[in-house]
Amino acid sequence: MVLGQNPYAGILSCADSRIAPKHGSDTGRGNVFVWRVAGNFAGTGSLASFEYAMTVLSTPLILVRGHNNCGAVTSTGKAVKVGQTFPGHIPSLISAIRPAVNAALHGSGDLLENAIRQNDLLNVKKGSLRVVGGIYDLSTGTVTLIV
């Protein structure tokens, strides 16, 4: 482990304290390359990190993993629906997640669940690298793949 790493997957995961990167997968130290950000969206830092994982570490799979009851998506829903504002740098999270909430606004079913799913789908990139989306269930500990 000290001399290198060979992750079989990268995980773009929410920074929610209820879910650790190894939750929902059977992994050990050095097996996954992880980037965490509230709302699990792909920004400049995460894209650069996963490009590193892909090109330097030869990581063949990226999982964009959201979870149910996501606070960042809930807050974005409040910003979109009722114009709630948030302090500091939180608006940058809202801005990144807003397209998913906007896309989910006119669908049927639960807005939060639909927005979480849409956020994953919007952050899955196509190409030679295999990228999949998944939703982690906080109550059962399971991940449901969506792409």
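The values are calculated or read from the model by the stated rules, or taken from the named source; none is laboratory data. Computed from a predicted model, the values in this text were never measured in an experiment. For neighbour counting, all protein chains shown are included, and Cβ atoms are generated from backbone atoms with ideal geometry for every residue, glycine included.
Conditions: (1) surrounded by fewer than 12 Cβ atoms within 10 Å (Cβ to Cβ); (2) within 13 Å of R65 (Cα to Cα). P87 meets all but one. Number of the miss?
(2)
Of V56, V82, which residue is within 18 Å of A103 (Cα to Cα), out of contact with any Cys (no Cβ under 9 Å at 6 or more places or on another chain), exposed (fewer than 14 other Cβ atoms within 10 Å of the Cβ) and free of Cβ contacts under 8 Å to residues at least 12 places away in the same chain?
Within the list V56, V82, the selection yields V82.
Take the range 106-119 and flag every residue that is modelled with pLDDT of 90 or more and surrounded by 13 or more Cβ atoms within 10 Å (Cβ to Cβ).
L111, L112, E113, N114, A115, I116, R117, Q118, N119
Here is a check on your reading of the model: is T76 buried (at least 22 other Cβ atoms within 10 Å of the Cβ) and among the hydroxyl-bearing types (S, T, Y)?
yes
Just one of the numbered conditions (1) of a type outside the set (A, V, I, L, M, F, W, C); (2) touching a residue at least 12 places away in the same chain (Cβ under 8 Å); (3) buried (at least 16 other Cβ atoms within 10 Å of the Cβ) is not true of G141; which one?
(3)
If a residue must be outside any helix (DSSP H, G or I) and over 17 Å from R130 (Cβ atoms), how many such residues does the range 36-64 contain?
Number satisfying all stated conditions: 8.
Scan the range 52-87 residue by residue and report those that are closer than 25 Å to G4 by Cβ and over 16 Å from the mean Cα position of the chain (by Cα).
Answer for the range 52-87, where residues must be closer than 25 Å to G4 by Cβ and over 16 Å from the mean Cα position of the chain (by Cα): Y52, A53, M54, T55, V56, L57, S58, T59, P60.
Does G66 fit the bill of being modelled with pLDDT under 95, surrounded by 14 or more Cβ atoms within 10 Å (Cβ to Cβ), touching a helix residue (DSSP H, G or I) at 6+ places or on another chain (Cβ under 6 Å) and of a type outside the set (S, T, Y)?
Considered against the rule, which asks whether it is modelled with pLDDT under 95, surrounded by 14 or more Cβ atoms within 10 Å (Cβ to Cβ), touching a helix residue (DSSP H, G or I) at 6+ places or on another chain (Cβ under 6 Å) and of a type outside the set (S, T, Y), G66 comes out as yes.
Which members of the range 85-107 meet the condition of being without any contact (Cβ under 8 Å) to a residue 24 or more places away in the chain, of a type in the set (G, A, S) and within 17 Å of F41 (Cβ to Cβ)?
Within the range 85-107, S92, S95, A103, A104 meet the criteria.
Would you say G30 is over 24 Å from E113 (Cβ atoms) and either in contact (Cβ under 8 Å) with a residue 40 or more places away in the chain or out of contact with any Lys or Arg (no Cβ under 9 Å at 6 or more places or on another chain) (or both)?
Taking the combined requirement at face value, the residue satisfies it.
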